[in-house]
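Inspection log for the structure reproduced underneath, given as structure tokens.
The values are calculated or read from the model by the stated rules, or taken from the named source; none is laboratory data. Note that the coordinates shown come from a computational prediction; the quantities given were computed from them, not determined experimentally. FYI the Cβ positions are ideal-geometry reconstructions off the backbone, even for glycines, and counts take in every protein chain you see. The area values use the complete protein model at the heavy-atom level, side chains included, leaving out ligands, DNA and RNA. Shrake-Rupley method; radii C 1.70, N 1.55, O 1.52, S 1.80 Å.
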Amino acid sequence: MTVPEFALNDGTTIPQLGFGVFKVDPDETERIVSDALEVGYRHIDTAAVYGNEVGVGRAIAASGIPRDELYITTKLWNSDQGTQSAFDAMDLSLEKLGLEHVNLYLIHWPRPDLDKYTETWHALEQIQAQGKATSIGVSNFHAPHLDKLLADSTVVPAVDQIELHPAFAQAPLREYLASKGIATEAWGPLGQGKYDLFGKPAVADAAAAHGATPAQVVIRWHLQKGIIVFPKSNSRERMAENFDVFGFELTDAEIAAIDGLEEGLRVGSNPDEATF
Ligand code: NDP
């Protein structure tokens, strides 16, 4: 199964389908990420705040997979925004992961109330120059946050990782990101199981038509829209299901029907208001 490589604005590429580890228990992370690597995933999305970077690192080390075949993302937590604190946070994440570099380092949330994301971004630019992160990007940034950041930076973020699923498809923000050459990554791509996405006729009908599962249909919807996606599952069976999405293609009509599920349904926090 070949996962397409998606080209980023800094000349690198990222596997368009990966595996996310939000809410994966730190004590179970090594086993679960080992399962994901055995299933075939080569792109892992973690974050300092998930508390499971050590487990991700152990699974990587135990796998024996060459480092250059893996794509590892981690994120700088909000309380580490700032210059020296960002340098220290990067070093701690690398130590926990047991890596010399990550492929992608993200500012996890803008926290506009702190007004430190531009300063923090300049630290990430230095982290990239030092080779500790090959690519740098942001997460949960809205257009005004990016406008402000871009006005005072040399490096354009490679990605913005945002909440994105059929009932919250973020079309205006995706259009803005595309206009700036910033790739869109989806978090909560399956709606985090917080609403009945899989029971919607647009999803269920496409699944029946292709002999696929509803989750596979939703993942294909992301992929065919040019979105980078990394569903999470603790179950090896569902990991394999979510990875087995390259044997069919949704029609334009099926994609349009799933687009019709948009209802502005946010399942996570609003980045303009988040104060955690
Ligand atoms: P997802 O939309 O990936 O949903 C995960 C849920 O769906 C879990 O409950 C999982 O249950 C279930 N599930 C997975 N596969 C299937 C399937 N085939 N059939 C039925 N149910 C399934 O939510 P996440 O929040 O985990 O988002 C993905 C990743 O995005 C995260 O892991 C993290 O890496 C990133 N993220 C980033 C955020 C940010 O602020 N930047 C915020 C949130 C997430 P089970 O495990 O039991 O299979």
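Computed over the alpha carbons of region 169-256, Rg followed by Dmax gives 13.2, 38 Å.
Cut-off 11 Å, label point 7 angstrom out along Cα-to-Cβ of Asn9: give me the residues of region 248-276 whose amide nitrogen falls inside. Taking a point 7 Å out along Cα→Cβ of Asn9, no residue of region 248-276 has its backbone N under 11 Å.
Along the positive direction of the dipole of the chain (beta-carbon charges: Lys, Arg +1; Asp, Glu -1; about the Cα centre), which of Ala178, His43, Val24 reaches farthest? Sorting the options by dipole projection puts first Val24.
Only bridges whose two residues both fall in region 5-195 count here: according to DSSP, what percent of them are antiparallel, nearest 5?
Values: 4 of 25 bridges.
About 15 percent, rounded to the nearest 5.
Extension gain for Ser179 to Gln224 (0.36 nm times residue separation, less C-alpha to C-alpha distance): 14.3 nm. Put simply, the amide H of Tyr71, placed in the peptide plane, has neighbours under 5 Å in His43, Ile44, leaving out anything fewer than 5 places away on its chain.
Determine, for each peptide in 81-91, 258-268, 177-187, the mean count of other beta carbons within 10 angstrom over its residues, then list the peptides with the highest first.
Numbers: 81-91: 17.2, 258-268: 14.7, 177-187: 19.2.
By packing density, highest mean first, the sequence is 177-187, 81-91, 258-268.
Structure remark: mean-square fluctuation, Gaussian network model of the chain, C-alpha springs under 10 Å; the largest value among His142, His210, His43 belongs to His210.
May I ask you to give the solvent-accessible area per residue for region 121-191, in square angstrom, as obtained with a 1.4 angstrom probe? Walk me through the intermediate numbers first.
Numbers: 2270 Å² over 71 residues.
The answer is 32 Å² per residue.
Could you quote the convex hull projected area for the chain, Cα atoms only and averaged over all directions, in nm²? Walk me through the numbers before you get to the answer.
Working: hull surface 53.1 nm².
Taking a quarter of the hull surface, the average projection is 13.3 nm².
Computed from point charges on the beta carbon alone (+1 for Lys and Arg, -1 for Asp and Glu), the dipole magnitude for region 189-271 about its Cα centre is near 400 Debye. To the nearest ten degrees, helix 214-224 and the longest principal axis of the Cα atoms of the chain are 60 degrees apart. Applying the Karplus relation 6.51 cos²θ - 1.76 cosθ + 1.60 with θ = phi - 60° to region 16-33 yields 3J(HN,Hα) values of 5, 10, x, 10, x, 10, 5, 6, 7, 4, x, 6, 9, 5, 4, 5, 5, 5 Hz, where x marks Gly and Pro.
For the residues Gln192, Gln130, Gln16, a GNM of the chain with alpha-carbon springs under 10 Å puts the largest fluctuation on Gln130.
Magnitude of the charge dipole for the chain, about its Cα centre and with charges confined to Cβ atoms of Lys, Arg (+1) and Asp, Glu (-1), is about 160 debye.
Given R0 = 41 Å, the distance between the Cβ atoms of Lys194 and Thr118 translates into a calculated FRET efficiency of 0.80.
In this structure, the residue pairs whose Cα-Cα separation is over 27 Å, taken from Lys132/Lys194; Lys180/Lys225; Lys96/Lys225; Lys23/Lys148; Lys75/Lys148, are Lys132/Lys194; Lys96/Lys225; Lys23/Lys148. On the accessible surface of region 141-276, probed at 1.4 Å, how many percent belong to carbon and sulfur atoms? Carbon and sulfur: 51 percent of the exposed surface of region 141-276. Full extension of the chain between Asp147 and Ser269 gives 41.8 nm of extra length, using 0.36 nm per residue less the Cα-Cα distance. Please report the spacing between the Cα centers of region 20-47 and region 75-111 in Å, no decimals. Region 20-47 and region 75-111 have Cα centres separated by 19 Å.
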